[in-house]
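Inspection log for the structure reproduced underneath, given as structure tokens.
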Amino acid sequence: EMCIRDSINAEYGSLDTQHQDMIHDAQLDYYGRRLATCSSDRTIKIFEVGDDEQAAQQPSAILTGHQGPVWEVAWLHPKFGNVLASCSYDRKVLIWKEEAPNQWQIVFTYAEHELSVNSLDWAPHTAGCRLACASSDGRVSVVSHASGTDGGAAAWRAESFSAHEIGVNCVSWAPADIAGAGSAGDALRLASGGCDNLIKVWKFDAANNKWLCEHELAMHSDWVRDVAWAPRVGKERTLASCSQDGTVVIWTQRADEVWYPRVLPKFNDVVWRVSWSLTGGILAVSGGDNTVSLWREDTDGSWAVLSTVDDGATTAAQ
């Protein structure tokens, strides 16, 4: 069962997904009207999230195609159609497209990784149709679709590079730079987190057609479980990371190109995921203690907890 929060009315509702095993990810689409969930039961479910609560309790589609636990799902920007990507322990990435209402088909299968594919993230839509994937084989792959084609499997191509020697747990695209930032600022960037306890920031070198490690960020003492870029505000870049060691770090890169870390108060358990609000002002943190906490930066630069959600119950900060 899942808890869904209405960010406008600050209300919570629950959804019984009827998955037969643990749920690993849940993602709303661009408009917030559809919810995709994935599970160790090897299925992906699509729910219509609207005013009709009874209708929302039944999935509009169940997608079966993976042969192992499905770790993550990610919606593509709607300018490219209704497209969803999924990754699994079965070493595959599947790209699904809604060809007719509630009729989903696999349009591309990427099966070149040697071990579990743990994380995926679509690039900003301004960078085209590109999907980054992180694998336990130590590599990050970028799957892209050639524009102006018929959308068949031949239109997809992939490249990969070695990122973290003993495994990559997470990957996140940097947001598109503000207009007029100049050609140097328009380069594609990725962040990855690995079993080597490091976060790496990658920049695409278009001249040589390869990904270069621009920065290595070391602060965690155990596996990095998730990384997430904040939406771009001004000239600063901000990145959040979380770890098996129970820490969350907010990294900020200023004009001097140096990344400055700020560590949140230590959590009681492993921290699995970090996620930013659309404006970048609030960070959600979820951990092994079954709680989600919301954090916001104060005027003095420190971070304070706004509220905590524990199995549907909300506790506001005093």
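How about region 226-254: which of its residues are charged (D, E, K, R), at pLDDT 95 or above and open to solvent by 20 Å² or more (accessible area, probe 1.4 Å)? Passing the criteria: only Asp245. Exactly one residue out of Trp295, Trp303, Trp223 is aromatic (Phe, Trp, Tyr), farther than 19 Å from Leu198 by Cα and at pLDDT 95 or above, and it is Trp295. Mind listing whichever residues of region 55-71 are open to solvent by 60 Å² or more (accessible area, probe 1.4 Å), modelled with pLDDT of 95 or more and part of a loop (DSSP other than H, G, I, E, B)? Of everything in region 55-71, just one residue is open to solvent by 60 Å² or more (accessible area, probe 1.4 Å), modelled with pLDDT of 95 or more and part of a loop (DSSP other than H, G, I, E, B), namely Gln67. Taking only region 119-137 into account, find how many residues are out of contact with any Gly (no Cβ under 7 Å at 6 or more places or on another chain), open to solvent by 10 Å² or more (accessible area, probe 1.4 Å), modelled with pLDDT of 95 or more and of a type in the set (Ser, Thr, Tyr). Total satisfying the criteria: 0. Within the bounds of region 96-103, is there any residue that is more than 18 Å from Gln27 (Cα to Cα), touching a Phe, Trp or Tyr at 6+ places or on another chain (Cβ under 8 Å) and surrounded by fewer than 21 Cβ atoms within 10 Å (Cβ to Cβ)? No, that holds for no residue.
For region 149-162, indicate whether the set of residues that are under 20 Å from Ala240 (Cα atoms), modelled with pLDDT of 90 or more and in contact with a His (Cβ under 8 Å, 6 or more places away or on another chain) is non-empty. No, because not a single residue in region 149-162 is under 20 Å from Ala240 (Cα atoms), modelled with pLDDT of 90 or more and in contact with a His (Cβ under 8 Å, 6 or more places away or on another chain). Of the residues making up region 262-299, those that are loosely packed, with under 14 Cβ neighbours inside 10 Å, of a type outside the set (A, V, I, L, M) and under 22 Å from Ala176 (Cα atoms) are Thr279, Gly281. Just one of the listed residues (Gly185, Gly180) is open to solvent by 40 Å² or more (accessible area, probe 1.4 Å) and either modelled with pLDDT under 95 or in a loop (DSSP other than H, G, I, E, B) (or both), namely Gly180. Whenever a residue of region 265-281 is under 12 Å from Val233 (Cβ atoms), its partners that are open to solvent by 80 Å² or more (accessible area, probe 1.4 Å), lying with C-beta atoms within less than 7 angstrom and at least six residues away or across chains, give the pairs Gly280/Val233; Gly281/Arg296.
The values are calculated or read from the model by the stated rules, or taken from the named source; none is laboratory data. All values reported here derive from a predicted model rather than from experimental measurement. Don't worry about glycine lacking a Cβ; one is built from the backbone with ideal geometry, like all the others, and counts go over all protein chains shown. These area figures cover heavy atoms from the full protein model, side chains too; ligands, DNA and RNA do not enter into them. Shrake-Rupley method; radii C 1.70, N 1.55, O 1.52, S 1.80 Å.
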